[in-house]
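Chemist: Can you read through this structure? Questions will come right after.
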Amino acid sequence: MSDTPRSWAVVGAGAMGSVIGGHLALAGHSVTLVDIRRDHIDAIRTDGLVMRRPDGTASTVRLDATVDPTADLRPVDVLLFMCKTFATVDAARSVAHALAPGGVAVTLQNGLGNDRRLAEVFDADRVVPGTTTVGAESVAPGVVLMAPATAEGRSLTEMGPPRTVEVSGDADVPSAVRDVAADLTAAGLPAEALPSADTVIWSKVAMAASMAGLTAALRRTVADVIGEATAWALWTDMFEEVVAVAAAAGVDLDVAALRTRCVDTYTSVGPHITSMAADVVAGRRTEVDALALGVAEEGRRVGVPTPVNDVVGRIVKSLEATYDRSL
């Protein structure tokens with residue numbers, strides 16, 4: 001690992017992207033936040049990024065931020081994509097000029113297929129897939145509130161090598177991937193470089209695709225879904241479809257442990273409004289194409305039926321198309 005701090009651009013400076021960028025900047029890296037929300041970016045440029053903790057303390061971080069990466073973003077070693085999945089290709093094209101020689105494009109976004117989307121813009125051998133449990137919410141322009149686990153250094157980011165790289169064990173993971181993980185860990189966001197990211201990505205999809213789709217379609221909280229028998233039966237069907245598709249795709253999941261983890265997580269968050277449900281309530285486009293509908297698409301590819309994911313996903317898509325006609 002080089003002792004020289006790397007330069008980063010976080011593409012999609014929502015709550016999670018801002019927290020990751022803020023931690024890296026505090027650790028001494030050159031960081032630029034890229035987002036389309038001018039009020040958020042203007043606030044950061046004027047007053048810095050304020051990262052609040054659950055205990056009421058806060059850190060203010062000075063770092064670069066822009067809504068115009070074509071004009072403002074200089075070459076960086078790491079392009080970290082945290083934007084909504086449907087914006088990935090357009091966002092990647094807007095920053096493609098800024099990936100330095102030897103640099104990598106890393107995706108920690110929700111759902112399936114994000115690395116394939118990035119490979120439409122960058123060489124596939126420079127695209128690093130992964131996932132993260134970093135949690136935060138936006139409080140005001142320029143202000144984010146960290147989830148307790150993130151503030152306490154208990155989040156976990158996991159990533160694997162580019163799909164084009166054959167890896168037989170930990171020692172074979174490319175140094176560029178290990179360096180990214182080391183930067184995040186040193187910044188207070190624990191990270192691991194794995195021989196493959198498939199298991200962690202599918203594990204997160206199993207947790208997110210089912211609950212996000214149901215809470216959005218039903219316009220209910222997580223507690224509502226786990227507390228109502230019919231909704232919970234639908235969740236079970238969606239979960240089982242996800243693990244069946246993963247198995248057919250060659251991804252070996254510990255199904256019993258994963259189900260327990262899902263239940264424990266849902267129980268702990270209680271009456272939480274998922275981001276997809278919040279998008280539906282606010283009349284915004286969702287990431288259902290990379291979650292429930294992404295599972296259905298992959299199911300068709302590997303020959304596994306996914307009727308519940310398909311129907312729930314299409315309900316959410318129909319809601320998106322008819323926000324202006326809500327009863």
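The values are calculated or read from the model by the stated rules, or taken from the named source; none is laboratory data. In this text, all values refer to a predicted model and were calculated from it rather than measured experimentally. Note that we place each Cβ from the backbone using ideal geometry, even for glycine, and neighbour counts take in every protein chain shown. Quick note on the areas: whole protein, heavy atoms, side chains included, nothing else; ligands and nucleic acids left out. Shrake-Rupley method; radii C 1.70, N 1.55, O 1.52, S 1.80 Å.
Chemist: Could you say whether any residue in region 226-249 is within 24 Å of ALA149 (Cα to Cα) and either open to solvent by 20 Å² or more (accessible area, probe 1.4 Å) or more than 21 Å from the chain's Cα centre (by Cα) (or both)?
Modeler: The answer is yes, given that some residue of region 226-249 is within 24 Å of ALA149 (Cα to Cα) and either open to solvent by 20 Å² or more (accessible area, probe 1.4 Å) or more than 21 Å from the chain's Cα centre (by Cα) (or both).
Chemist: Among the residues of region 269-315, what is the count of those that are more than 19 Å from the chain's Cα centre (by Cα), open to solvent by 80 Å² or more (accessible area, probe 1.4 Å), free of Cβ contacts under 8 Å to residues at least 60 places away in the same chain and closer than 16 Å to ALA216 by Cα?
Modeler: Here the count works out to 2.
Chemist: Within the bounds of region 116-137, is there any residue that is closer than 19 Å to ASP252 by Cβ, touching a strand residue (DSSP E or B) at 6+ places or on another chain (Cβ under 6 Å) and assigned to a helix (DSSP H, G or I)?
Modeler: no
Chemist: Going by what's in this entry, would ARG178 be described as of a type outside the set (Phe, Trp, Tyr), open to solvent by 30 Å² or more (accessible area, probe 1.4 Å), modelled with pLDDT of 95 or more and part of a helix (DSSP H, G or I)?
Modeler: Taking the combined requirement at face value, the residue satisfies it.
Chemist: So which helices (runs of 4 or more DSSP H) are wholly in region 37-100 and hold at least 3 residues that are in contact (Cβ under 8 Å) with a residue 60 or more places away in the chain and in contact with a strand residue (DSSP E or B) (Cβ under 8 Å, 6 or more places away or on another chain)?
Modeler: 38-47, 88-95
Chemist: Could you tell me which of the residues GLY17, GLY12 is touching a residue at least 60 places away in the same chain (Cβ under 8 Å), in contact with a Phe, Trp or Tyr (Cβ under 8 Å, 6 or more places away or on another chain) and under 22 Å from THR157 (Cβ atoms)?
Modeler: When all the criteria are applied, what remains is GLY12.
Chemist: Now a separate question. Just name the residue that is farthest from THR85 (Cα to Cα) out of those in region 8-34 that are in a loop (DSSP other than H, G, I, E, B) and open to solvent by less than 20 Å² (accessible area, probe 1.4 Å).
Modeler: That would be ALA13.
Chemist: So which of GLU166, GLU192 ends up being surrounded by fewer than 24 Cβ atoms within 10 Å (Cβ to Cβ), charged (D, E, K, R) and assigned to a strand (DSSP E or B)?
Modeler: It is GLU192.
Chemist: Criterion first (over 29 Å from VAL288 (Cβ atoms) and polar (S, T, N, Q)) does THR215 satisfy it?
Modeler: no
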